[in-house]
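Peer 1: Quick one: this structure, given as structure tokens, is what I'll be asking you about.
The values are calculated or read from the model by the stated rules, or taken from the named source; none is laboratory data. No experiment lies behind these values; they were computed from the predicted model shown. Heads up, the Cβs are rebuilt from the backbone with ideal geometry, glycines too, and the neighbour counts pull from every protein chain shown.
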């Protein structure tokens, strides 16, 4: 199976600024492809990583961040699933493979990348879901990641400028 055979598409979705996407977003798209493939067909991170390095837009992505996401999610999948499951209205296995993969990426970033603001992580997950997920999947992903952020990043959210605005 090649990257082109797996969904989401091996072609990046058009970005907001004339098709431009930053390197991290492209890395997340590649990781989404790899995690999606892993959830459906199995395999190991090293082989999937090597395979996705052949995708046309790989050189425009942040390769080390892509590898971190892919390997980190696959290595910590059961722990990430344990974080996610309490915030779902059904079993994780019942979600679409795309939405499940995006939730795994977002959760991994919240847990293992504290330097990235949780609002940025959630926004990136929403954008990925809008591009590759079901019609209203982005709303579901947003709700789950908001609940996770409240638990995993409570201090960050407490001191977030958006939450601390005083009435004018």
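Peer 1: Of the conditions (1) crowded, with 17+ Cβ neighbours inside 10 Å; (2) within 30 Å of residue 151 (Cβ to Cβ); (3) modelled with pLDDT of 95 or more, residue 79 satisfies every one except a single condition; which number is it?
Peer 2: Among (1) crowded, with 17+ Cβ neighbours inside 10 Å; (2) within 30 Å of residue 151 (Cβ to Cβ); (3) modelled with pLDDT of 95 or more, the lone unmet condition for residue 79 is (1).
Peer 1: Of the residues that sit in region 98-116 and are in contact with a helix residue (DSSP H, G or I) (Cβ under 7 Å, 6 or more places away or on another chain) and surrounded by fewer than 19 Cβ atoms within 10 Å (Cβ to Cβ), which one is farthest from residue 151 (Cα to Cα)?
Peer 2: Filtering region 98-116 for residues that are in contact with a helix residue (DSSP H, G or I) (Cβ under 7 Å, 6 or more places away or on another chain) and surrounded by fewer than 19 Cβ atoms within 10 Å (Cβ to Cβ), the one farthest from residue 151 (Cα to Cα) comes out as 116.
Peer 1: Taking only region 9-30 into account, find how many residues are closer than 14 Å to residue 127 by Cβ and modelled with pLDDT of 50 or more.
Peer 2: 8
Peer 1: Here's something else I'd like to know. Name the residue that is surrounded by the fewest Cβ atoms within 10 Å (Cβ to Cβ), counting only residues in region 52-62 that are touching a helix residue (DSSP H, G or I) at 6+ places or on another chain (Cβ under 9 Å) and not in a helix (DSSP H, G or I).
Peer 2: 54
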